[in-house]
Amino acid sequence: IIILYISAIFWTLGYDTIYGVQDMADDEIIGLKSTSIKFKKHIKLFVSTSYFLSVMILIYLFNSNIGFNLFSLLLIIFTLTLFYQIKKFNKKNAEDCLNAFKLNNFSGLILFLSIYSIK
């Protein structure tokens, strides 16, 4: 459970950073600290690293379940949704960030179904 929780932390860091990009200018004015402000020069690298670590931890945790099965297919789809978010979000366009962030609802459902599919 703790390892799964650590994976969720990295996933949350990634999508929260994407969400925070929308308000970066206002947050800087009021002095708010956030990952989107801290890593604004390399924001895609930070989100990519967070998502990569999340997926790698999931693969480590469920390595005995990886094969030609529903779990693996759903885990691949989950990973692709994260890659799509990285590609989609643009720190200069708040709407792109919001759309990428909202995709996490689907990503979470896919991850839940993948874990649920383990017998």
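Label residue 5 and residue 56 with points 7 Å out from Cα along Cα→Cβ: what is the distance between them in nm?
2.2 nm
Just how large is the dipole of the stretch 60-119 about the Cα centre, in debye to the nearest 20, putting +1 at every Lys and Arg Cβ and -1 at every Asp and Glu Cβ?
Working: 6 positive and 2 negative charges, 22 e Å.
The calculated dipole for the stretch 60-119 is roughly 100 debye.
Based on the alpha-carbon gyration tensor of the stretch 17-68, what equivalent-ellipsoid semi-axes (square roots of 5 times the eigenvalues) come out, in whole Å, largest first? Before the final figure, lay out the partial values.
Values: eigenvalues 216, 16, 13 Å².
Listed largest to smallest, the semi-axes of the stretch 17-68 are 33, 9, 8 Å.
Return an integer: the convex hull volume of the alpha-carbon atoms of the stretch 70-119, in Å³ per residue.
Spelled out: Cα convex hull of the stretch 70-119, divided by residues, is 43 Å³.
Relative to the present Cα-Cα distance, how much length would full extension add between residue 63 and residue 16 at 0.36 nm per residue of separation?
Additional length available on full extension: 14.2 nm.
May I have the convex hull volume per residue, in Å³, for the Cα set of the stretch 1-102? Before the final figure, lay out the partial values.
Details: hull volume 9.8 nm³, N = 102.
It comes to 96 Å³ per residue, whole-number rounded.
I'd like the carbon and sulfur percentage of the solvent accessible area for the chain, probe radius 1.4 Å, heavy atoms only, ligands and nucleic acids excluded.
That fraction is 68 percent.
Projecting each Cα onto the charge dipole of the chain (Lys/Arg +1, Asp/Glu -1 at the beta carbon, about the Cα centre), which of 1, 70, 17 comes out farthest on the positive side?
Most positive-ward Cα: 70.
Normalised by the residues of the chain, what does the relative contact order come to in percent, with Cα pairs under 8 Å and at least six apart? Walk me through the numbers before you get to the answer.
Working: 119 pairs, mean separation 37.8, N = 119.
With pairs under 8 Å counted, the relative contact order is 32 percent.
Per residue, how much accessible area does the chain have with a 1.4 Å probe, in Å²?
Per-residue value: 64 Å².
Return the subset of 88/119; 87/119; 38/88 for which the Cα-Cα distance in this structure is over 23 Å, preserving the input order.
Details: 88/119 34 Å; 87/119 33 Å; 38/88 21 Å.
Check vs 23 Å cut-off fails for 88/119; 87/119.
Within the stretch 82-119, which residues have the backbone N less than 15 Å from the label spot 7 Å out from residue 72 along Cα→beta-carbon, could you tell me?
Zone members listed by number: 118-119.
Could you give the length gained on full extension between residue 25 and residue 91, defined as 0.36 nm per residue of separation minus the Cα-Cα distance, in nm?
My answer for the length gained is 22.7 nm.
Would you compute, from DSSP H runs of 4+ residues alone, the mean residue ellipticity of the chain at 222 nm, taking -39500 (n - 2.57) per run and dividing by the full residue count, rounded to the nearest 500?
The per-residue figure over the chain is -25500 deg cm²/dmol.
The values are calculated or read from the model by the stated rules, or taken from the named source; none is laboratory data. Fair warning: this is a prediction, and the values are worked out from it, not measured in the lab. Here Cβ is always computed from backbone atoms with ideal geometry, including for glycine, and neighbour counts include all displayed protein chains. Accessible surface areas use protein heavy atoms only, side chains included; no ligands, DNA or RNA. Shrake-Rupley method; radii C 1.70, N 1.55, O 1.52, S 1.80 Å.
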